[in-house]
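Read the structure below first, then the notes.
The values are calculated or read from the model by the stated rules, or taken from the named source; none is laboratory data. Remember, it's a predicted structure, so these values are computed and weren't measured experimentally. Here the Cβ is made from the backbone with ideal geometry for all residues, glycine too, and neighbour counts use every protein chain on show.
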Amino acid sequence: MLARAKGTSVDGVAESGVLASGKGAVRLLRYAEYPTDWSPENDTRTPVWEALHHLIRALQNGGESASGALLARMPARTEAVRQLAYRLYTLCERQGQAEEARAYNELITSWEAIEVASHTSGHVESQLALNI
């Protein structure tokens with residue numbers, strides 16, 4: 001019902017890589033379930049949710065430098081990912097979901113170092129227009 005209300009389909013969301021569906025059940029993937037060989041440049045359907053969870057997976061598996069290198073490859077999503085991490089941390093804390101909150105909190109507390117690592121590995125902001 002929610003998918004129809006938002007003008008999308010479960011299959012479309014599943015194709016974007018953020019959930020698993022089958023036998024009438026739908027669930028969001030945990031960050032550990034995201035593929036380690038994911039490439040944001042080759043993914044034509046990358047919701048902010050997916051980008052956030054790939055960053056968490058990279059942070060958990062390779063530290064701030066790995067997460068920063070991944071962030072450098074999707075600079076347009078930086079602020080949206082950071083805001084979603086804060087929002088999800090708050091929601092998880094309120095609902096007593098400590099394990100989920102921990103992953104978001106670790107990303108948030110490492111955010112400055114991740115951004116530094118992203119710039120070190122080639123994160124370049126692009127100007128879309130001249131402000132004349």
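Below is a table of values for the structure above.
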{"item": "Filter result for Glu50 (of a type in the set (Asp, Glu), crowded, with 19+ Cβ neighbours inside 10 Å and at pLDDT 85 or above)", "result": "yes"}
{"item": "Any chance Ala113 is surrounded by 13 or more Cβ atoms within 10 Å (Cβ to Cβ) and either touching a His at 6+ places or on another chain (Cβ under 8 Å) or more than 26 Å from Ala20 (Cβ to Cβ) (or both)", "result": "yes"}
{"item": "Yes/no for Val26 being surrounded by fewer than 18 Cβ atoms within 10 Å (Cβ to Cβ), at pLDDT below 95 and farther than 19 Å from Glu106 by Cβ", "result": "yes"}
{"item": "Candidate set: the range 34-47, residues that are at pLDDT below 85 and surrounded by 13 or more Cβ atoms within 10 Å (Cβ to Cβ); chosen: the one nearest to Ala76 (Cα to Cα)", "result": "Thr46"}
{"item": "Checking Ser67 against (1) surrounded by 19 or more Cβ atoms within 10 Å (Cβ to Cβ); (2) of a type in the set (S, T, N, Q); (3) touching a Phe, Trp or Tyr at 6+ places or on another chain (Cβ under 8 Å), the condition it does not meet", "result": "(3)"}
{"item": "Test set (1) of a type in the set (A, V, I, L, M); (2) at pLDDT 95 or above; (3) farther than 18 Å from Leu28 by Cα - Leu55 fails condition number", "result": "(3)"}
{"item": "Some residue of the range 84-91 being of a type in the set (D, E, K, R), farther than 13 Å from Ala51 by Cα and either out of contact with any helix residue (DSSP H, G or I) (no Cβ under 7 Å at 6 or more places or on another chain) or surrounded by fewer than 16 Cβ atoms within 10 Å (Cβ to Cβ) (or both)", "result": "yes"}
